[in-house]
1. Can you tell me which residues in the range 314-337 are closer than 20 Å to Val282 by Cβ, surrounded by fewer than 18 Cβ atoms within 10 Å (Cβ to Cβ) and not small (Gly, Ala, Ser)?
2. So, in the range 280-290, how many residues would count as being assigned to a loop (DSSP other than H, G, I, E, B) and polar (S, T, N, Q)?
3. Checking Arg109 against (1) open to solvent by 60 Å² or more (accessible area, probe 1.4 Å); (2) modelled with pLDDT under 85, only one condition comes out false. Which one?
4. Tell me, please, whether a residue that is open to solvent by 50 Å² or more (accessible area, probe 1.4 Å), of a type outside the set (Asp, Glu) and modelled with pLDDT of 65 or more can be found in the range 227-245.
5. For the range 291-337, give me each residue that is in contact with a Lys or Arg (Cβ under 9 Å, 6 or more places away or on another chain) and assigned to a helix (DSSP H, G or I).
6. Looking at Thr114, Thr153 in this structure, which one is open to solvent by 60 Å² or more (accessible area, probe 1.4 Å), touching a Leu at 6+ places or on another chain (Cβ under 8 Å), more than 20 Å from Pro12 (Cα to Cα) and in contact (Cβ under 8 Å) with a residue 40 or more places away in the chain?
7. I want to confirm something. Restricting to the range 345-358 and keeping residues that are open to solvent by less than 20 Å² (accessible area, probe 1.4 Å) and hydroxyl-bearing (Ser, Thr, Tyr), which single residue is farthest from Gly288 (Cα to Cα)?
8. Does Asn311 qualify as being touching a residue at least 12 places away in the same chain (Cβ under 8 Å) and open to solvent by 20 Å² or more (accessible area, probe 1.4 Å)?
Amino acid sequence: MRLPVVAIVGRPNVGKSALLNRLAHRQAAIVEDAPGMTRDRLYAECEWEGRRFLAVDTGGFLSQTDDPLLTRVRDQAQRAVREADLTLLVVDARQGVTPEDEAIAQWLRTLNATVLLVANKVEGPRQALDAQEFFALGLGEPFPVSALHGLGTGDLLSEILIHLPEEGTPEETPVARVAIVGRPNVGKSSLVNAIVGEERVIVDDRPGTTRDAVDTFLRRDDRPLALIDTAGLRRPPRVTASVERHSVGRALHAIKRADITVLVVDAAEGITDQERRIVRVVERQGCGLVVAVNKWDKVSDAPRATARARNQVREALRGAAYARIVFTSAAKGWGIAELLDAVTAAMESYSSRVGTGPLNRWLEEAEAANAPSANRVGRRVKILYATQAQTRPPTIILFVNDPTLMPDQYLRYLERRLRQALPLEGTPIRFQLRARRQREHGAHPSGVHPD
(Lines give C-alpha, C1' and ligand atoms only; values in the text may rest on other atoms or scores of the structure.)
Protein backbone atom coordinates (compact mmCIF):
# COMPACT_ATOMS: atom_id res chain seq x y z
CA MET A 1 0.00 0.00 0.00
CA ARG A 2 1.26 3.46 -0.85
CA LEU A 3 0.78 5.32 2.41
CA PRO A 4 0.95 9.12 2.52
CA VAL A 5 4.31 10.38 3.79
CA VAL A 6 4.93 13.10 6.38
CA ALA A 7 8.50 14.38 6.75
CA ILE A 8 9.68 15.81 10.07
CA VAL A 9 12.50 18.36 9.71
CA GLY A 10 14.18 21.01 11.81
CA ARG A 11 17.48 22.04 13.26
CA PRO A 12 19.23 19.78 15.81
CA ASN A 13 17.70 19.07 19.22
CA VAL A 14 14.24 20.58 18.72
CA GLY A 15 12.49 17.27 19.48
CA LYS A 16 11.89 15.74 16.04
CA SER A 17 12.52 12.16 17.21
CA ALA A 18 10.34 12.66 20.28
CA LEU A 19 7.57 13.89 17.99
CA LEU A 20 7.96 10.83 15.73
CA ASN A 21 7.66 8.56 18.75
CA ARG A 22 4.57 10.42 19.94
CA LEU A 23 2.86 10.26 16.52
CA ALA A 24 3.70 6.57 16.14
CA HIS A 25 2.71 5.71 19.74
CA ARG A 26 5.93 3.75 20.15
CA GLN A 27 9.67 4.26 20.65
CA ALA A 28 10.53 4.35 16.95
CA ALA A 29 13.61 6.59 17.27
CA ILE A 30 16.40 7.00 19.80
CA VAL A 31 15.87 10.09 21.95
CA GLU A 32 18.74 11.61 23.93
CA ASP A 33 19.26 15.10 25.33
CA ALA A 34 22.03 15.78 22.83
CA PRO A 35 22.06 16.93 19.20
CA GLY A 36 22.88 14.59 16.35
CA MET A 37 21.16 11.41 17.57
CA THR A 38 19.28 10.88 14.29
CA ARG A 39 21.31 10.69 11.08
CA ASP A 40 19.35 8.64 8.57
CA ARG A 41 15.71 8.83 7.53
CA LEU A 42 13.62 6.85 10.01
CA TYR A 43 10.15 5.69 8.98
CA ALA A 44 7.32 4.80 11.35
CA GLU A 45 3.72 3.94 10.51
CA CYS A 46 1.16 6.13 12.30
CA GLU A 47 -2.61 5.81 12.63
CA TRP A 48 -5.17 8.40 13.65
CA GLU A 49 -8.95 8.41 13.28
CA GLY A 50 -8.81 5.23 11.22
CA ARG A 51 -6.29 6.59 8.70
CA ARG A 52 -2.65 5.65 8.35
CA PHE A 53 0.46 7.44 7.11
CA LEU A 54 4.24 7.14 7.27
CA ALA A 55 6.11 9.67 9.41
CA VAL A 56 9.77 10.21 8.50
CA ASP A 57 12.20 11.49 11.11
CA THR A 58 15.34 13.20 9.82
CA GLY A 59 18.63 14.38 11.25
CA GLY A 60 19.20 17.90 12.47
CA PHE A 61 19.28 20.28 9.48
CA LEU A 62 22.26 22.63 9.32
CA SER A 63 22.19 24.97 6.32
CA GLN A 64 25.94 25.63 6.55
CA THR A 65 28.42 22.93 7.57
CA ASP A 66 31.84 21.72 6.47
CA ASP A 67 31.50 18.34 8.18
CA PRO A 68 30.96 15.65 5.48
CA LEU A 69 28.82 13.55 7.83
CA LEU A 70 26.55 16.48 8.72
CA THR A 71 26.31 17.37 5.03
CA ARG A 72 25.00 13.86 4.35
CA VAL A 73 22.54 14.19 7.23
CA ARG A 74 21.23 17.38 5.61
CA ASP A 75 20.98 15.63 2.23
CA GLN A 76 18.89 12.88 3.81
CA ALA A 77 16.51 15.50 5.22
CA GLN A 78 16.20 17.15 1.81
CA ARG A 79 15.34 13.83 0.17
CA ALA A 80 12.71 13.17 2.81
CA VAL A 81 10.99 16.48 2.05
CA ARG A 82 11.04 15.86 -1.69
CA GLU A 83 9.28 12.49 -1.34
CA ALA A 84 6.79 13.70 1.28
CA ASP A 85 3.16 14.74 0.86
CA LEU A 86 3.46 17.01 3.90
CA THR A 87 6.38 18.43 5.89
CA LEU A 88 6.39 19.29 9.59
CA LEU A 89 8.93 21.98 10.44
CA VAL A 90 9.65 21.55 14.16
CA VAL A 91 10.96 24.51 16.14
CA ASP A 92 11.79 24.99 19.83
CA ALA A 93 9.28 27.33 21.49
CA ARG A 94 11.60 27.81 24.47
CA GLN A 95 14.47 29.18 22.39
CA GLY A 96 12.44 31.27 19.96
CA VAL A 97 13.22 31.94 16.32
CA THR A 98 16.83 31.26 15.34
CA PRO A 99 18.72 32.05 12.12
CA GLU A 100 18.77 28.31 11.36
CA ASP A 101 14.95 28.17 11.65
CA GLU A 102 14.74 31.06 9.20
CA ALA A 103 17.12 29.36 6.76
CA ILE A 104 15.12 26.11 6.82
CA ALA A 105 11.82 27.98 6.36
CA GLN A 106 13.27 29.85 3.37
CA TRP A 107 14.47 26.60 1.84
CA LEU A 108 11.05 24.98 2.27
CA ARG A 109 9.41 27.94 0.55
CA THR A 110 11.68 27.48 -2.48
CA LEU A 111 10.44 23.89 -2.79
CA ASN A 112 6.77 24.93 -2.68
CA ALA A 113 6.35 22.19 -0.06
CA THR A 114 3.16 21.85 1.96
CA VAL A 115 4.35 22.72 5.47
CA LEU A 116 2.86 22.70 8.95
CA LEU A 117 4.83 24.66 11.54
CA VAL A 118 5.10 22.77 14.86
CA ALA A 119 6.25 24.67 17.93
CA ASN A 120 7.51 21.98 20.27
CA LYS A 121 8.26 22.06 24.03
CA VAL A 122 5.12 24.07 24.81
CA GLU A 123 4.19 22.93 28.32
CA GLY A 124 2.35 25.94 29.70
CA PRO A 125 0.67 29.26 28.85
CA ARG A 126 3.99 31.11 28.77
CA GLN A 127 5.46 28.86 26.07
CA ALA A 128 2.16 28.96 24.14
CA LEU A 129 2.38 32.75 24.04
CA ASP A 130 6.07 32.65 23.06
CA ALA A 131 5.25 30.29 20.18
CA GLN A 132 3.35 33.07 18.40
CA GLU A 133 6.63 34.72 17.39
CA PHE A 134 7.13 31.90 14.86
CA PHE A 135 4.52 33.61 12.66
CA ALA A 136 7.58 35.56 11.48
CA LEU A 137 8.77 32.48 9.53
CA GLY A 138 5.94 33.00 7.04
CA LEU A 139 4.64 29.43 7.25
CA GLY A 140 1.32 30.13 8.90
CA GLU A 141 0.11 29.56 12.43
CA PRO A 142 2.42 27.46 14.63
CA PHE A 143 0.84 24.41 16.29
CA PRO A 144 1.91 24.38 19.95
CA VAL A 145 2.72 20.85 21.18
CA SER A 146 4.76 19.01 23.75
CA ALA A 147 6.05 15.85 22.13
CA LEU A 148 7.45 14.75 25.49
CA HIS A 149 4.10 14.98 27.31
CA GLY A 150 1.71 14.54 24.37
CA LEU A 151 0.09 17.98 24.76
CA GLY A 152 -1.53 19.21 21.54
CA THR A 153 -0.49 16.21 19.46
CA GLY A 154 -4.08 15.06 18.92
CA ASP A 155 -4.98 18.39 17.30
CA LEU A 156 -1.80 18.20 15.25
CA LEU A 157 -2.66 14.69 14.00
CA SER A 158 -6.15 15.83 12.97
CA GLU A 159 -4.63 18.73 11.06
CA ILE A 160 -2.11 16.42 9.37
CA LEU A 161 -4.95 14.26 8.00
CA ILE A 162 -6.56 17.30 6.35
CA HIS A 163 -3.46 17.81 4.19
CA LEU A 164 -2.84 14.17 3.20
CA PRO A 165 -4.14 12.28 0.17
CA GLU A 166 -6.22 9.15 0.71
CA GLU A 167 -4.44 5.82 1.18
CA GLY A 168 -3.86 3.56 -1.79
CA THR A 169 -5.29 0.08 -2.18
CA PRO A 170 -3.95 -2.63 0.17
CA GLU A 171 -1.09 -4.87 -0.90
CA GLU A 172 -2.13 -8.44 -1.63
CA THR A 173 1.38 -9.67 -0.74
CA PRO A 174 2.52 -8.86 2.81
CA VAL A 175 5.73 -6.91 3.25
CA ALA A 176 8.74 -9.15 3.89
CA ARG A 177 10.90 -7.60 6.62
CA VAL A 178 14.62 -8.13 6.13
CA ALA A 179 17.02 -7.17 8.94
CA ILE A 180 20.57 -6.30 7.83
CA VAL A 181 22.86 -7.12 10.77
CA GLY A 182 26.54 -7.64 11.54
CA ARG A 183 29.54 -6.27 13.36
CA PRO A 184 30.44 -2.56 12.98
CA ASN A 185 31.98 -1.47 9.69
CA VAL A 186 31.30 -4.63 7.65
CA GLY A 187 29.37 -2.65 5.03
CA LYS A 188 25.72 -3.03 6.05
CA SER A 189 24.67 0.47 5.03
CA SER A 190 26.70 0.28 1.83
CA LEU A 191 24.84 -2.90 0.89
CA VAL A 192 21.47 -1.24 1.49
CA ASN A 193 22.49 1.71 -0.69
CA ALA A 194 23.74 -0.63 -3.43
CA ILE A 195 20.41 -2.47 -3.40
CA VAL A 196 18.24 0.66 -3.68
CA GLY A 197 20.62 2.51 -5.99
CA GLU A 198 20.97 5.66 -3.87
CA GLU A 199 22.42 6.85 -0.57
CA ARG A 200 19.40 5.79 1.45
CA VAL A 201 21.49 5.43 4.61
CA ILE A 202 24.63 7.36 5.47
CA VAL A 203 27.94 5.56 4.96
CA ASP A 204 31.05 6.71 6.79
CA ASP A 205 34.36 5.02 7.61
CA ARG A 206 33.82 5.75 11.29
CA PRO A 207 32.10 2.86 13.10
CA GLY A 208 28.78 3.67 14.74
CA THR A 209 27.47 5.97 11.99
CA THR A 210 24.18 4.04 11.94
CA ARG A 211 22.37 4.31 15.26
CA ASP A 212 18.69 3.59 14.71
CA ALA A 213 17.21 0.67 12.81
CA VAL A 214 16.45 2.28 9.44
CA ASP A 215 13.63 0.87 7.26
CA THR A 216 13.94 1.12 3.48
CA PHE A 217 11.01 0.00 1.32
CA LEU A 218 11.32 -1.43 -2.19
CA ARG A 219 9.81 -4.04 -4.50
CA ARG A 220 11.54 -7.14 -5.85
CA ASP A 221 9.76 -9.41 -8.36
CA ASP A 222 6.50 -7.70 -7.36
CA ARG A 223 7.13 -8.55 -3.69
CA PRO A 224 7.29 -5.61 -1.25
CA LEU A 225 10.41 -5.66 0.94
CA ALA A 226 11.41 -3.62 3.97
CA LEU A 227 15.19 -3.59 4.46
CA ILE A 228 16.08 -2.75 8.07
CA ASP A 229 19.63 -1.42 8.35
CA THR A 230 20.95 -1.69 11.89
CA ALA A 231 23.80 -0.52 14.07
CA GLY A 232 26.85 -2.75 14.36
CA LEU A 233 26.53 -5.50 16.97
CA ARG A 234 29.50 -5.75 19.31
CA ARG A 235 30.05 -8.02 22.29
CA PRO A 236 28.10 -6.80 25.36
CA PRO A 237 31.21 -5.99 27.47
CA ARG A 238 32.34 -3.59 24.75
CA VAL A 239 29.02 -1.75 24.62
CA THR A 240 29.31 1.10 27.09
CA ALA A 241 27.84 4.42 25.91
CA SER A 242 24.11 5.02 26.36
CA VAL A 243 23.54 5.71 22.65
CA GLU A 244 25.35 2.53 21.67
CA ARG A 245 23.28 0.48 24.10
CA HIS A 246 20.13 1.92 22.53
CA SER A 247 21.50 1.16 19.05
CA VAL A 248 22.32 -2.45 19.90
CA GLY A 249 18.88 -2.85 21.43
CA ARG A 250 17.29 -1.56 18.22
CA ALA A 251 19.36 -4.00 16.15
CA LEU A 252 18.25 -6.94 18.29
CA HIS A 253 14.64 -5.77 18.08
CA ALA A 254 15.00 -5.60 14.28
CA ILE A 255 15.89 -9.30 14.27
CA LYS A 256 12.82 -10.05 16.40
CA ARG A 257 10.47 -8.35 13.93
CA ALA A 258 12.21 -9.65 10.81
CA ASP A 259 11.18 -12.51 8.54
CA ILE A 260 14.67 -12.85 7.07
CA THR A 261 18.00 -11.77 8.57
CA VAL A 262 20.92 -10.91 6.31
CA LEU A 263 24.12 -11.38 8.30
CA VAL A 264 26.84 -9.23 6.71
CA VAL A 265 30.39 -10.53 7.10
CA ASP A 266 33.70 -8.87 6.20
CA ALA A 267 35.30 -11.19 3.63
CA ALA A 268 38.82 -10.30 4.76
CA GLU A 269 38.09 -11.02 8.43
CA GLY A 270 35.85 -14.05 7.93
CA ILE A 271 33.51 -15.61 10.48
CA THR A 272 34.30 -14.62 14.06
CA ASP A 273 32.76 -15.61 17.39
CA GLN A 274 30.55 -12.53 17.16
CA GLU A 275 28.98 -13.76 13.90
CA ARG A 276 28.27 -17.08 15.58
CA ARG A 277 26.63 -15.25 18.49
CA ILE A 278 24.43 -13.33 16.08
CA VAL A 279 23.47 -16.57 14.34
CA ARG A 280 22.36 -18.02 17.66
CA VAL A 281 20.14 -14.97 18.24
CA VAL A 282 18.66 -15.39 14.75
CA GLU A 283 18.02 -19.09 15.37
CA ARG A 284 16.27 -18.39 18.67
CA GLN A 285 13.98 -15.91 16.95
CA GLY A 286 13.21 -18.44 14.21
CA CYS A 287 13.67 -16.17 11.19
CA GLY A 288 15.29 -17.07 7.88
CA LEU A 289 19.00 -16.48 7.35
CA VAL A 290 21.09 -15.25 4.42
CA VAL A 291 24.82 -14.62 4.87
CA ALA A 292 26.34 -11.85 2.74
CA VAL A 293 30.13 -12.14 2.62
CA ASN A 294 30.78 -8.50 1.76
CA LYS A 295 33.91 -6.66 0.55
CA TRP A 296 34.72 -9.71 -1.59
CA ASP A 297 36.67 -7.40 -3.96
CA LYS A 298 39.27 -7.03 -1.17
CA VAL A 299 39.91 -10.76 -1.31
CA SER A 300 39.40 -11.76 -4.93
CA ASP A 301 39.50 -10.22 -8.39
CA ALA A 302 36.65 -12.51 -9.49
CA PRO A 303 33.04 -11.61 -8.59
CA ARG A 304 32.06 -15.25 -8.03
CA ALA A 305 33.44 -17.22 -5.12
CA THR A 306 34.77 -20.74 -5.40
CA ALA A 307 32.95 -23.73 -3.94
CA ARG A 308 35.81 -24.03 -1.46
CA ALA A 309 35.27 -20.48 -0.15
CA ARG A 310 31.56 -21.11 0.17
CA ASN A 311 32.14 -24.34 2.09
CA GLN A 312 34.60 -22.62 4.43
CA VAL A 313 31.93 -20.08 5.38
CA ARG A 314 29.33 -22.80 5.87
CA GLU A 315 31.66 -24.83 8.09
CA ALA A 316 32.59 -21.76 10.14
CA LEU A 317 28.91 -21.03 10.79
CA ARG A 318 28.54 -24.44 12.45
CA GLY A 319 24.91 -24.72 13.52
CA ALA A 320 23.44 -22.63 10.69
CA ALA A 321 24.02 -24.99 7.81
CA TYR A 322 20.63 -24.05 6.37
CA ALA A 323 21.73 -20.45 5.62
CA ARG A 324 21.98 -19.19 2.06
CA ILE A 325 25.44 -17.75 1.34
CA VAL A 326 26.13 -14.94 -1.12
CA PHE A 327 29.43 -13.16 -1.86
CA THR A 328 29.04 -9.44 -2.44
CA SER A 329 30.90 -6.20 -2.96
CA ALA A 330 28.80 -3.12 -2.34
CA ALA A 331 31.61 -0.96 -3.74
CA LYS A 332 31.64 -2.78 -7.12
CA GLY A 333 28.05 -3.96 -7.22
CA TRP A 334 29.00 -7.64 -7.15
CA GLY A 335 26.37 -10.11 -6.01
CA ILE A 336 23.62 -7.55 -5.34
CA ALA A 337 21.05 -9.21 -7.60
CA GLU A 338 22.08 -12.62 -6.26
CA LEU A 339 21.61 -11.35 -2.69
CA LEU A 340 18.06 -10.22 -3.46
CA ASP A 341 17.37 -13.56 -5.15
CA ALA A 342 18.62 -15.34 -2.02
CA VAL A 343 16.36 -13.20 0.20
CA THR A 344 13.36 -13.94 -2.02
CA ALA A 345 14.11 -17.68 -2.04
CA ALA A 346 14.63 -17.72 1.73
CA MET A 347 11.29 -15.97 2.16
CA GLU A 348 9.59 -18.60 0.02
CA SER A 349 11.17 -21.38 2.11
CA TYR A 350 10.25 -19.55 5.30
CA SER A 351 6.61 -19.37 4.20
CA SER A 352 6.39 -22.83 2.59
CA ARG A 353 3.80 -25.44 3.51
CA VAL A 354 3.95 -29.20 2.92
CA GLY A 355 0.81 -31.28 2.58
CA THR A 356 0.15 -33.97 5.17
CA GLY A 357 0.29 -36.74 2.55
CA PRO A 358 3.74 -35.88 1.11
CA LEU A 359 5.02 -35.17 4.62
CA ASN A 360 4.10 -38.63 5.88
CA ARG A 361 5.50 -40.33 2.77
CA TRP A 362 8.79 -38.52 3.46
CA LEU A 363 8.60 -39.68 7.09
CA GLU A 364 8.07 -43.33 6.08
CA GLU A 365 11.07 -43.20 3.75
CA ALA A 366 13.24 -41.59 6.44
CA GLU A 367 12.28 -44.23 9.02
CA ALA A 368 12.82 -47.04 6.52
CA ALA A 369 16.34 -45.77 5.81
CA ASN A 370 17.19 -45.20 9.48
CA ALA A 371 14.88 -46.19 12.34
CA PRO A 372 15.11 -44.47 15.75
CA SER A 373 17.41 -46.18 18.22
CA ALA A 374 16.17 -47.71 21.50
CA ASN A 375 17.07 -46.24 24.88
CA ARG A 376 18.97 -48.04 27.64
CA VAL A 377 16.00 -50.11 28.72
CA GLY A 378 15.05 -51.07 25.19
CA ARG A 379 12.18 -48.63 24.67
CA ARG A 380 11.93 -46.94 21.27
CA VAL A 381 10.02 -43.91 20.08
CA LYS A 382 7.31 -44.65 17.55
CA ILE A 383 6.30 -41.86 15.18
CA LEU A 384 2.63 -42.24 14.32
CA TYR A 385 2.29 -39.43 11.80
CA ALA A 386 3.35 -35.87 11.00
CA THR A 387 1.59 -32.67 10.06
CA GLN A 388 2.72 -29.09 9.50
CA ALA A 389 1.31 -26.80 12.17
CA GLN A 390 2.45 -23.43 10.83
CA THR A 391 4.76 -21.52 8.53
CA ARG A 392 7.23 -18.68 9.15
CA PRO A 393 9.19 -20.81 9.99
CA PRO A 394 7.91 -24.25 8.88
CA THR A 395 6.88 -26.09 12.04
CA ILE A 396 6.27 -29.85 11.93
CA ILE A 397 4.31 -31.67 14.63
CA LEU A 398 5.33 -35.31 15.12
CA PHE A 399 2.73 -37.40 16.94
CA VAL A 400 4.59 -40.07 18.88
CA ASN A 401 3.97 -42.67 21.56
CA ASP A 402 6.27 -40.95 24.08
CA PRO A 403 8.11 -37.66 23.41
CA THR A 404 10.74 -38.42 26.06
CA LEU A 405 12.02 -41.33 23.96
CA MET A 406 12.97 -39.16 20.96
CA PRO A 407 16.79 -38.78 20.61
CA ASP A 408 17.99 -35.32 19.63
CA GLN A 409 20.26 -36.79 16.98
CA TYR A 410 17.29 -38.45 15.31
CA LEU A 411 15.51 -35.11 15.01
CA ARG A 412 18.65 -33.69 13.40
CA TYR A 413 18.61 -36.66 11.01
CA LEU A 414 14.96 -35.95 10.13
CA GLU A 415 15.80 -32.31 9.47
CA ARG A 416 18.61 -33.29 7.09
CA ARG A 417 16.29 -35.69 5.24
CA LEU A 418 13.56 -33.07 4.99
CA ARG A 419 15.98 -30.53 3.55
CA GLN A 420 17.15 -33.08 0.99
CA ALA A 421 13.55 -33.74 -0.05
CA LEU A 422 12.29 -30.14 -0.13
CA PRO A 423 13.74 -26.74 -1.14
CA LEU A 424 14.04 -25.31 2.36
CA GLU A 425 17.39 -23.54 2.20
CA GLY A 426 17.44 -20.28 4.12
CA THR A 427 14.87 -21.14 6.76
CA PRO A 428 15.04 -22.96 10.09
CA ILE A 429 12.73 -25.92 10.62
CA ARG A 430 11.00 -26.47 13.91
CA PHE A 431 9.94 -29.93 15.17
CA GLN A 432 7.40 -30.31 17.93
CA LEU A 433 6.64 -33.61 19.61
CA ARG A 434 3.14 -34.36 20.73
CA ALA A 435 2.09 -37.46 22.61
CA ARG A 436 -0.91 -39.17 21.15
CA ARG A 437 -3.99 -38.36 23.29
CA GLN A 438 -1.86 -36.14 25.56
CA ARG A 439 -1.40 -32.42 25.87
CA GLU A 440 1.57 -30.92 24.10
CA HIS A 441 4.78 -30.76 26.18
CA GLY A 442 6.82 -27.62 26.78
CA ALA A 443 9.62 -26.37 24.58
CA HIS A 444 12.79 -28.38 24.27
CA PRO A 445 15.79 -26.69 25.92
CA SER A 446 17.48 -26.23 22.53
CA GLY A 447 14.60 -24.08 21.34
CA VAL A 448 14.91 -25.80 17.98
CA HIS A 449 13.66 -29.33 18.23
CA PRO A 450 10.96 -30.98 20.34
CA ASP A 451 8.56 -29.27 22.67
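1. First, the residues of the range 314-337 that are closer than 20 Å to Val282 by Cβ: 314-328.
After this cut, where a residue has to be surrounded by fewer than 18 Cβ atoms within 10 Å (Cβ to Cβ) as well, the list is 314-316, 318-319, 321.
Passing the criteria: Arg314, Glu315, Arg318.
2. Residues of the range 280-290 assigned to a loop (DSSP other than H, G, I, E, B): 286-287.
Pick out the ones that are also polar (S, T, N, Q) and you get none.
Counting residues in the range 280-290 that are assigned to a loop (DSSP other than H, G, I, E, B) and polar (S, T, N, Q) gives 0.
3. The number of the failed condition is (2).
4. In the first step, residues of the range 227-245 are kept if they are open to solvent by 50 Å² or more (accessible area, probe 1.4 Å); the result is 234-238, 240-241, 245.
Narrowing the set further to residues that are of a type outside the set (Asp, Glu) leaves 234-238, 240-241, 245.
Next, from what is left, pick out any that are modelled with pLDDT of 65 or more: none.
There is no residue in the range 227-245 that is open to solvent by 50 Å² or more (accessible area, probe 1.4 Å), of a type outside the set (Asp, Glu) and modelled with pLDDT of 65 or more.
5. The answer is Trp296, Asp297, Ala316, Leu317.
6. Details: Thr153 fails: open to solvent by 60 Å² or more (accessible area, probe 1.4 Å).
Just one listed residue meets the conditions, Thr114.
7. Within the range 345-358, the subset open to solvent by less than 20 Å² (accessible area, probe 1.4 Å) is 346-347, 349-350.
Subset that is hydroxyl-bearing (Ser, Thr, Tyr): 349-350.
Working: Ser349: 8, Tyr350: 6 Å.
Filtering first and then ranking leaves Ser349.
8. Values: touching a residue at least 12 places away in the same chain (Cβ under 8 Å): no; open to solvent by 20 Å² or more (accessible area, probe 1.4 Å): yes.
When the stated conditions are applied, Asn311 does not pass them.
The values are calculated or read from the model by the stated rules, or taken from the named source; none is laboratory data. Everything numeric in this text was worked out from a predicted model, so none of it was measured. Positions of Cβ are backbone-derived with ideal geometry, glycine not excepted, and every protein chain shown enters the neighbour counts. Please note that ligands, DNA and RNA were not included when accessible areas were found on the heavy atoms of the full protein model with its side chains. Shrake-Rupley method; radii C 1.70, N 1.55, O 1.52, S 1.80 Å.
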